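The values are calculated or read from the model by the stated rules, or taken from the named source; none is laboratory data. Values in this document were obtained by computation on a predicted structure and should not be read as measured data. Positions of Cβ are backbone-derived with ideal geometry, glycine not excepted, and every protein chain shown enters the neighbour counts. Heavy atoms of the whole protein, side chains included, go into the accessibility calculation; ligands, DNA and RNA do not. Shrake-Rupley method; radii C 1.70, N 1.55, O 1.52, S 1.80 Å.
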Amino acid sequence: MLIKENKIWDMSENLATPEGAFLNRRELMKAAGIGGLSLGIGGFMSSSAFAEVDPTADLYPAKRNEAFVLDRGLTPEDVNLKYNNFYEFGSHKQIYNNAQKLQTRPWEVMIDGMVEKPMTIGFDDLVRKMPLEERLYRHRCVEAWSMTIPWSGFALKELVKLANPLSSAKFVKMETFHDPKMASGQKQAWYPWAYTECLSIEEATNDLAFMVTGAYGKPLAKQFGAPLRLALPWKYGFKSIKSIVKISFVEKMPKSFWETLNGSEYGFWANVNPKYDHPRWSQATERVLHTGKRVPTLIYNGYGDQVASMYSSLKGRTAFF
Ligand code: MTE
């Protein structure tokens, strides 16, 4: 593994949204002299640099919701940016360069299935309809490593409200884009593309289920699954699907990407539990990235108070697998 594991890891939480650490769109326009003066030859910023400014940059940093607290320091941004799972761009952790090929505009999200009115909505319109906030969340992969991240976004239940599902809808299924020309990993035909994940309606309307549009006080970096991904901090990370293009409300429990690939290793619920090991990774402890520390795993990744009641009718391993 290429991650440097040094022991200085206590980045303070107020470093998560460094004011002035980036230029938002308005500031860029001001700095570039646009909106009053035009860009002159030899101006310090070229118009092509301006063209790459994220059209939602003015929304960040979003106001932090102080209800979501952590018991440990944040994973530094540069560590997180270079250690990712995004199989569309390679089946290893250093996909950050390849992921820059992801074209995030235009980006549309289709909402269909058992809803009052199916719709396709541009991501830039969607994000401006939603109440954005920042939340500090744990992130735990079934490979037994973990991070802590300042995500920005909105509660998934707000999107469920917008979609207005019929009472017969029991599950929310989400899909990533499918474009093997752009994402070379999708040329690997043995994977069941497109990446698909699913959760129950009850889970989708739990306050913890979060649609992520930004991280570290900025619009989402491509390797994190721009422009729209999910974060379900009480579940293993593979449930947190990236670069979502389709959200369907359905009656029957669908199979996810990993369940289709290997149903004996990956189940539907995938709730974190130190007692039930994955066939290849013990879940008793987790390696906290960039700290050199291994700590005990917490049931539901420490979020039991908010989520355990959803699984009271499931017994034993079934509630977690
Ligand atoms: N979503 C898509 N579309 N493709 C992926 O390969 N990997 C999953 C999940 N979402 C994945 C995905 C896995 S296995 C994990 S652990 C997390 O994304 C990793 O998120 P991170 O790279 O932001 O840490």
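The number of residues in segment 65-100 being without any contact (Cβ under 8 Å) to a residue 60 or more places away in the chain, outside any helix (DSSP H, G or I) and within 20 Å of Pro227 (Cα to Cα) comes to 1. Being over 9 Å from the mean Cα position of the chain (by Cα), open to solvent by 10 Å² or more (accessible area, probe 1.4 Å) and over 15 Å from Phe177 (Cβ atoms) is a condition met by at least one residue of segment 223-236.
Within segment 161-205, restricting attention to residues that are of a type in the set (Ser, Thr, Tyr) and not in a strand (DSSP E or B), which residue is surrounded by the most Cβ atoms within 10 Å (Cβ to Cβ)? The residue in question is Tyr195.
Can we say Lys218 is of a type outside the set (Val, Ile, Thr), within 16 Å of the chain's Cα centre (by Cα) and either open to solvent by 10 Å² or more (accessible area, probe 1.4 Å) or away from the ligand (no atom under 13 Å from the Cβ) (or both)?
Yes, satisfied.
Residue-level analysis places Glu286 outside the set of residues that are under 25 Å from Tyr195 (Cα atoms) and either free of Cβ contacts under 8 Å to residues at least 12 places away in the same chain or charged (D, E, K, R) (or both). Across segment 105-120, not a single residue is classified as in a helix (DSSP H, G or I) and either surrounded by fewer than 19 Cβ atoms within 10 Å (Cβ to Cβ) or among the acidic types (Asp, Glu) (or both). Here Glu134 meets the list (1) outside any strand (DSSP E or B); (2) in contact with a strand residue (DSSP E or B) (Cβ under 6 Å, 6 or more places away or on another chain) almost entirely, failing just condition (1).
Scanning segment 239-256 for residues that are surrounded by fewer than 20 Cβ atoms within 10 Å (Cβ to Cβ) and outside any strand (DSSP E or B) turns up Glu251, Lys252, Met253, Pro254, Lys255. Could you look through segment 171-218, keep only residues that are charged (D, E, K, R) and out of contact with any helix residue (DSSP H, G or I) (no Cβ under 6 Å at 6 or more places or on another chain), and pick out the one that is farthest from Ser91 (Cα to Cα)? Taking the candidates together, the pick is Asp207. State yes or no: is Gly267 among the small types (Gly, Ala, Ser), more than 16 Å from the ligand (Cβ to nearest atom) and open to solvent by less than 50 Å² (accessible area, probe 1.4 Å)? For Gly267, the condition - among the small types (Gly, Ala, Ser), more than 16 Å from the ligand (Cβ to nearest atom) and open to solvent by less than 50 Å² (accessible area, probe 1.4 Å) - is not met. With the structure loaded, tell me whether Pro279 is in contact with a strand residue (DSSP E or B) (Cβ under 6 Å, 6 or more places away or on another chain) and in a loop (DSSP other than H, G, I, E, B) or whether it fails that test. No. Assessment of segment 282-289 against the conditions (open to solvent by less than 40 Å² (accessible area, probe 1.4 Å), acidic (Asp, Glu) and over 22 Å from Val109 (Cβ atoms)) yields at least one matching residue.
Checked against the criterion of being at pLDDT below 95 and open to solvent by 30 Å² or more (accessible area, probe 1.4 Å), the candidates Gly302, Gly316 yield just one match: Gly316. Each residue in segment 82-104 was checked for being within 24 Å of Pro150 (Cβ to Cβ) and more than 9 Å from the ligand (Cβ to nearest atom), and 8 pass. Cβ-Cβ contacts under 8 Å between residues 6 or more apart (or on different chains), taken from a first residue in segment 179-199 that is without any contact (Cβ under 8 Å) to a residue 40 or more places away in the chain and farther than 26 Å from Lys252 by Cβ to a second residue that is away from the ligand (no atom under 11 Å from the Cβ) and outside any loop (DSSP other than H, G, I, E, B), are listed as Pro180/Lys187.
Considering segment 304-321 alone, what residues qualify as being part of a loop (DSSP other than H, G, I, E, B) and out of contact with any strand residue (DSSP E or B) (no Cβ under 8 Å at 6 or more places or on another chain)? Result: Ser312, Ser313, Leu314, Lys315, Phe321.
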